1. Limited to segment 1-26, what total is found for residues that are out of contact with any strand residue (DSSP E or B) (no Cβ under 8 Å at 6 or more places or on another chain) and within 16 Å of the ligand (Cβ to nearest atom)?
2. Do the conditions hold for residue 173, that is, is it surrounded by fewer than 17 Cβ atoms within 10 Å (Cβ to Cβ) and over 26 Å from residue 121 (Cβ atoms)?
3. Regarding segment 161-169, can at least one residue be identified that is open to solvent by 90 Å² or more (accessible area, probe 1.4 Å), over 23 Å from residue 146 (Cα atoms) and part of a helix (DSSP H, G or I)?
4. Which residue pairs have Cβ atoms under 8 Å apart, sit 6 or more places apart or on different chains, and have a first residue in segment 1-23 that is surrounded by fewer than 24 Cβ atoms within 10 Å (Cβ to Cβ) and a second that is at pLDDT below 95?
5. State all residues of segment 37-64 that are assigned to a helix (DSSP H, G or I) and open to solvent by 100 Å² or more (accessible area, probe 1.4 Å); if no residue qualifies, say none.
6. Would you tally the residues in segment 65-101 being open to solvent by less than 60 Å² (accessible area, probe 1.4 Å), modelled with pLDDT of 95 or more and in a loop (DSSP other than H, G, I, E, B)?
7. Considering only segment 186-212, state which residues are free of Cβ contacts under 8 Å to residues at least 40 places away in the same chain and surrounded by 13 or more Cβ atoms within 10 Å (Cβ to Cβ).
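The values are calculated or read from the model by the stated rules, or taken from the named source; none is laboratory data. Here the structure is a predicted model, which is why all the values come from computation and not from measurement. All Cβ positions, glycine included, derive from the backbone under ideal geometry; neighbour counts span all protein chains shown. Just the protein is used for accessible areas: all its heavy atoms, side chains included, with ligands, DNA and RNA removed. Shrake-Rupley method; radii C 1.70, N 1.55, O 1.52, S 1.80 Å.
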Amino acid sequence: MINIGVLISGSGTNLQAIIDNIENNYIPANISVVISNRKNAFGLERAKNHNIDAVYFNRKNFETDIDFDVAIVSELQKRNIQLVVLAGYLNILTPLFVSNFRNRILNIHPALIPSFCGKGYYGLKVHEAVLEYGAKITGATVHFVDEGADTGAIILQESVNVLNNDTAEILQKRVLTIEHKLLPVAVKLFCENKLEFIECPDKRTIVKVLAD
Ligand code: GRF
């Protein structure tokens, strides 16, 4: 059974979607630890409510980003974590973190990558940018994490129509519903070894989802 570590910074509704789908036996895995870089992240409570270890790491206790990530990586290694899921973790991983879990870190982004992503595109800002641009379609993306911001190989995407009267808050909610569906599917595919990496001629890596 795959051992998952989930990193969060906030409410943790995506974490909840993974917990629920493990408990109903859709995902063959278990969550060994939930780590937050925010003390009051509600996701920590969600973890405790399901008897999952919940740990807060305070960046202020570390001198550099690397020191901070070294501490988190060793916490994950100590627990034999095989898959790291970023579920609303508002912090960019250092290359050190990524190299320790190469091709074993998933992230969920609330837009259709490569649009409305990268540095500065997080939370409500993503949906504000979609509305400001006048895009008619947005959505959610689950992807592997590499050294860049939202540049890793895409696993799954699903679109959401942008409606005339949408506000960023309304759009965020509609996209979040899709996220809760998409992330558990991607975690399941990973756990069942159904994601194949394909290297393209330009050295980019893409992911092929293997059918049953
Ligand atoms: C989600 O929109 C996710 O895509 C983004 O941060 C948000 C986290 O929400 N990375 P929650 O904490 O899972 O409720």
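1. Counting residues in segment 1-26 that are out of contact with any strand residue (DSSP E or B) (no Cβ under 8 Å at 6 or more places or on another chain) and within 16 Å of the ligand (Cβ to nearest atom) gives 7.
2. The answer is no for residue 173.
3. Within segment 161-169 (the criterion being open to solvent by 90 Å² or more (accessible area, probe 1.4 Å), over 23 Å from residue 146 (Cα atoms) and part of a helix (DSSP H, G or I)), the answer is yes, since at least one residue qualifies.
4. From residues that are surrounded by fewer than 24 Cβ atoms within 10 Å (Cβ to Cβ), the pairs are 9/90; 9/91; 10/90.
5. Selection gives 42, 48, 49, 60, 61.
6. Here the count works out to 8.
7. Within segment 186-212, 189, 194 meet the criteria.
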